[in-house]
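Contents: one structure, followed by commentary.
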Amino acid sequence: MKIDEYQDRLPERLSGGQQQRVALARAIVIHPQVLLMDEPLSNLDAKLRIEMRSAIRDVQKQVGITTVYVTHDQEEALAISDRIAVMKLGVIQQIGTPQSIYARPYNAFVSTFIGHSNLFYANIKKDGDKKLVVFRNGYKAEMPNLMDTVEDGQEVVVSVRPEEFSLNENGMECEIISRTFLGKYTNYFLKFDDNIIVENQPSIEYSQDLGHVDRIFDVGEKIRLRANPNKINVFTKDMEQSLIKDVKRYE
């Protein structure tokens with residue numbers, strides 16, 4: 001646990017991260033079959049949380065103990081897990097790898113709970129062999145990965161993560177109402193026409209990768225955004241089930 005140098009210190013002379021390492025060592029030394037961790041990093045500052053989640057992940061892999069890790073921190077769950085179970089009111093909504101949970105959520109709750117997602121109203125349009133989603137403002141995206149059972153005119157909800165938007169003159173128009181500079185990227189908070197977005201969302205966001213842009217946009221500017229059809233997710237009108245092919249609730 002890399003705490004040999006602190007073995008002669010009293011517990012109260014250890015930092016929060018060192019105390020957590022001691023607690024983890026005490027749990028592992030008896031070689032349990034299963035290790036349960038319930039919010040183990042909740043009392044640590046941001047830097048220590050990142051340090052400790054890496055330590056826990058490394059030690060868990062070294063000793064090979066099955067570990068059930070409970071957390072409300074989505075980033076922590078993605079970083080530390082082999083498989084994630086997302087629960088709502090005691091009911092499991094989806095089980096899968098961090099990658100599958102994030103990229104292909106089973107329902108809108110998982111989509112908005114694990115990371116951030118913008119939710120839009122849309123309809124299915126079938127044009128020969130093509131399947132498209134048509135947003136209420138008329139913007140269209142061809143979706144060849146939709147289930148074959150979808151019906152022409154079917155009402156759906158489309159989930160677009162902030163990084164799944166890109167600037168495009170043929171995209172949906174929106175206005176920047178505020179922005180947050182975060183070093184590697186800038187996060188914009190957007191206003192679309194009210195009738196195209198699902199009600200009661202805390203924010204509608206677009207993340208701009210600063211490594212691939214010429215400038216940062218100002219508050220009040222209007223921009224046009226294209227949703228990546230290979231990345232976005234489509235749900236039934238009640239937002240309870242994905243309409244993307246091969247999305248599994250339990251893996």
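Every read-out reported here was derived from the displayed coordinates using simple, explicitly stated rules and does not represent laboratory data. Predicted, not measured: the structure shown is a model, and the values here were computed from it. Because the Cβ atoms are built from the backbone with ideal geometry, glycine has one as well, and the counts that use them run over all protein chains shown.
Couple of notes before you dig in:
- Panel note: the C-alpha atoms of region 4-82, placed on their principal axes, show extents of 36, 29, 17 Å (largest first).
- 10 Å beta-carbon shell around Arg49, net charge (K/R +1, D/E -1): -3
- Remark on the chain: ratio of C-alpha radius of gyration to 2.2 N^0.38 Å is 1.23.
- Potential lengthening between Val70 and Lys237 on full extension [0.36 nm per residue; Cα-Cα distance subtracted]: 57.0 nm
- Against the chain, whose longest principal axis is taken from its Cα atoms, helix 16-28 shows a tilt of about 80°.
- Residues with amide H under 5 Å from that of Gln241, placed H, sequence gap 5 or more: Ala108, Thr236
- Partners of Lys140 within straight-line reach, counting lysines whose Cα lies under 17 Å from its Cα and excluding those fewer than 8 residues away in the same chain: Lys125, Lys126, Lys130, Lys131, Lys231.
- More than 20 angstrom apart: percent of Cα pairs within region 39-150: 56
- Under the Karplus curve 6.51 cos²θ - 1.76 cosθ + 1.60, θ = phi - 60°, whole-Hz ³J(HN,Hα) for region 164-177, x wherever Gly or Pro sits: 8, 8, 9, 5, 7, 5, 9, x, 7, 7, 8, 10, 7, 9
- Cα-based convex hull, region 108-236, per residue volume (Å³, whole number): 115
- With a cut-off of 14 Å between beta carbons, the residues surrounding Gln60 carry a summed charge of +2, where Lys and Arg count +1 and Asp and Glu -1.
- Counting Lys and Arg as +1 and Asp and Glu as -1 over every other residue whose Cβ lies under 13 Å from the Cβ of Arg226, the net charge comes to -2.
- Computed [θ] at 222 nm, helices only, for the chain once each DSSP H run of length n ≥ 4 contributes -39500 (n - 2.57): -6000 deg cm²/dmol
- Each residue, Arg215 and Lys126, gets one label point 7 Å from its Cα in the Cβ direction; the gap between the two is 4.7 nm.
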